[in-house]
Amino acid sequence: MRFFYTLSVHLYTFAIRLASLSGNRKAKLWLSGRKSQKKIFSTLHHDKKWLWFHVSSLGEFEQGRPLIEYYRSHNAEFSILLTFFSPSGFEVRKNYKEADLVLYLPSDTPAHARKLVSNFNIAAAFFVKYDFWFNYLRELKKSGIPLYLISGIFRKKQHFFKWYGGWQRRQLAAFTHFFAQNELSAQLLENAGYNNVTITGDTRFDRVVKIAGEAKSFPEIEQFIQHKQVYMAGSSWEPDEKFILRLIQQMPETKFIIVPHEIDEQRITRLKQSLPCPASLYSEKDQPGFADNQVLIINTIGMLSSLYRYATIAHIGNGFGSGIHNTLEAAVYGVPVIFGPNYQKFQEAKDLIKCGGGFSFADEMKYSEICKTLLNNGSSRKAASENARQYVLNNAGATIMISGLINF
């Protein structure tokens, strides 16, 4: 079975090469980034003890980050190795100062796994959420290196829990301990024969609480808002914006701040052209009339987590795509969150709906009903706001719990 798994890894790499030849930017970065780092992985790093954190992309990095920073401040004798699978995470965080090395994870072949594990003096490894690479897992286990799953989340539909998933299920034996987000994940693991599970919740709660405490102020945003209600669209995609465009016309006294997930020039141009009214660009904040428009498009990166502090309600993007982005970054400020129907993979989204701090819609009628209630009904908005804030605060603390259960 391992032969076929490794073959699938090679086939995936081949597909990436084909995509690169077709001009796919992310595929090119995926290949060129790994090629440029080959020398680092071929060099011995035995002069230090390493804590290895692996994350898939940016969202998983935010889950691992609180623990990375905890160990950086409390266990300075360890160096930090941080690896990413995806260019969308690596390219944003490649200069992250709390890690000694930030690298792409080489493709999961036996040779690459042996090289990484043997050339780094790894004291412990941490994989985040659900990025499982079976050759790396085997090599860590063979080498006797403790391996922990952080903010782990499992679903019944995963191959681990299917009748045909015996081999994949056995690979989980490489983990020293599972720190799970919820009861269902723990139950699935226990039913599969793994009792080394603790429910600690999601470390992202700790991260967003810290971000909110350090949130930046933007005087130009405050000037644009002019003390009006603010509809904030965070990491929006075009299917999200189709709903927003109609609401802009219905709510002329509400300010709209749209933060697209992609901010290349063509994307921004298409968004501006689709709007029913003129819009300001954040990059033109020093131009006359910046604050006069009803809509502001944020065409720079790195602002969103602080911008949510200005929102009356927050529309979290990609609910009509592969799955919504981070709801907690808005909820921590006591901002009710709304999103499309593709949220089932995200425990926090389901929890926010259950506690009354989050709302989902799949059609225009439901969307309009939610928005008008939250924007026009002060008591409903205040209740949803408090529900969102308390949900985040009540679930913080995973980092301290995890670190207290791990001994080096």
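Mind checking which residues of the stretch 210-230 are outside any loop (DSSP other than H, G, I, E, B) and over 15 Å from the mean Cα position of the chain (by Cα)? Before the answer, list the steps.
First pass over the stretch 210-230, keeping only residues outside any loop (DSSP other than H, G, I, E, B): 210-213, 219-225, 230.
Selection gives Lys210, Ala212, Gly213, Pro219, Glu220, Ile221, Glu222, Gln223, Phe224, Ile225, Val230.
Which of the following residues is modelled with pLDDT of 95 or more and within 16 Å of Ala174 (Cβ to Cβ): Phe127, Phe78? It would help to see each step written out before you state the result.
Details: Phe78 fails: within 16 Å of Ala174 (Cβ to Cβ).
The unique qualifying residue is Phe127.
Only residues that are touching a Leu at 6+ places or on another chain (Cβ under 9 Å) and surrounded by fewer than 18 Cβ atoms within 10 Å (Cβ to Cβ): list them for the stretch 226-244, please.
If the condition is that a residue be touching a Leu at 6+ places or on another chain (Cβ under 9 Å) and surrounded by fewer than 18 Cβ atoms within 10 Å (Cβ to Cβ), then Gln229, Glu238 are the ones that fit.
Scan the stretch 327-349 and give yes if some residue there is hydroxyl-bearing (Ser, Thr, Tyr), over 16 Å from the mean Cα position of the chain (by Cα) and under 30 Å from Glu220 (Cα atoms), otherwise no. Talk me through it step by step, then tell me what you get.
Pass one, the stretch 327-349, residues hydroxyl-bearing (Ser, Thr, Tyr): 327, 333, 343.
This time we only want the ones that are over 16 Å from the mean Cα position of the chain (by Cα), so: 333.
From the residues that got through so far, the ones that are under 30 Å from Glu220 (Cα atoms) too are 333.
Among the residues of the stretch 327-349, at least one is hydroxyl-bearing (Ser, Thr, Tyr), over 16 Å from the mean Cα position of the chain (by Cα) and under 30 Å from Glu220 (Cα atoms), which makes the answer yes.
Are any residues in the stretch 399-408 touching a residue at least 60 places away in the same chain (Cβ under 8 Å) and not hydrophobic (A, V, I, L, M, F, W, C), and if so, which ones?
Thr399, Ser403
Output the qualifying pairs, or none if there are none: Cβ atoms under 7 angstrom, residues six or more apart or on different chains, first residue in the stretch 338-353 and not assigned by TED's automatic domain parsing to the domain that holds Ala186, second residue in a helix (DSSP H, G or I) and of a type in the set (Val, Ile, Thr).
Ile338/Ile370
Is there a residue being closer than 28 Å to Glu69 by Cβ, buried (at least 18 other Cβ atoms within 10 Å of the Cβ) and among the aliphatic types (A, V, I, L, M) anywhere in the stretch 198-205? Outline the logic, then answer.
Just the residues of the stretch 198-205 that are closer than 28 Å to Glu69 by Cβ, to begin with: 198-205.
Then drop every residue that is not buried (at least 18 other Cβ atoms within 10 Å of the Cβ), which leaves 200-205.
Filter once more, so that each one left must be among the aliphatic types (A, V, I, L, M): none.
The answer is no; no qualifying residue exists.
Taking the stretch 73-126, which residues are among the charged types (D, E, K, R) and out of contact with any strand residue (DSSP E or B) (no Cβ under 8 Å at 6 or more places or on another chain)?
Going through the stretch 73-126, the residues among the charged types (D, E, K, R) turn out to be 77, 91, 93-94, 97-98, 100, 108, 114-115.
Passing the criteria: Glu91, Lys97, Asp108, Arg114, Lys115.
Could you figure out which of (1) modelled with pLDDT under 95; (2) farther than 26 Å from Arg207 by Cβ; (3) crowded, with 17+ Cβ neighbours inside 10 Å isn't true of Ser305?
Answer for Ser305: the failing condition is (2).
For the stretch 108-202, give me every one of the helices (runs of 4 or more DSSP H) that falls completely inside it and has 2 or more residues that are aliphatic (A, V, I, L, M), in the same structural domain as Thr13 (by TED's automatic domain parsing) and in contact with a Ser or Thr (Cβ under 9 Å, 6 or more places away or on another chain).
Working: elements: 110-119, 134-142, 166-171, 183-191.
In the stretch 108-202, the matching helices (runs of 4 or more DSSP H) lie at 110-119.
Taking only the stretch 352-371 into account, find how many residues are outside any loop (DSSP other than H, G, I, E, B) and either at positive phi or at pLDDT below 95 (or both). Talk me through it step by step, then tell me what you get.
Residues of the stretch 352-371 that are outside any loop (DSSP other than H, G, I, E, B), as a first pass: 352-355, 358-360, 364-371.
When the remaining residues are screened for being either at positive phi or at pLDDT below 95 (or both), the result is none.
Number of matching residues: 0.
If a residue has to be touching an Asp or Glu at 6+ places or on another chain (Cβ under 6 Å), surrounded by 19 or more Cβ atoms within 10 Å (Cβ to Cβ) and either without any contact (Cβ under 8 Å) to a residue 40 or more places away in the chain or polar (S, T, N, Q) (or both) to count, how many in the stretch 63-89 make the cut?
Final tally of qualifying residues: 3.
I need every pair where a residue in the stretch 382-398 that is of a type in the set (S, T, N, Q) has its Cβ under 7 Å from the Cβ of a residue that is surrounded by 19 or more Cβ atoms within 10 Å (Cβ to Cβ) and not in a loop (DSSP other than H, G, I, E, B), sequence separation at least 6 or different chains.
Listed by first residue and then by second, the contacts come to Asn395/Phe205.
The values are calculated or read from the model by the stated rules, or taken from the named source; none is laboratory data. Quick caveat: nothing in here was measured; it's all calculated off a predicted structure. Quick reminder, even Gly has a Cβ in these numbers, built from the backbone with ideal geometry, and neighbours come from all protein chains shown.
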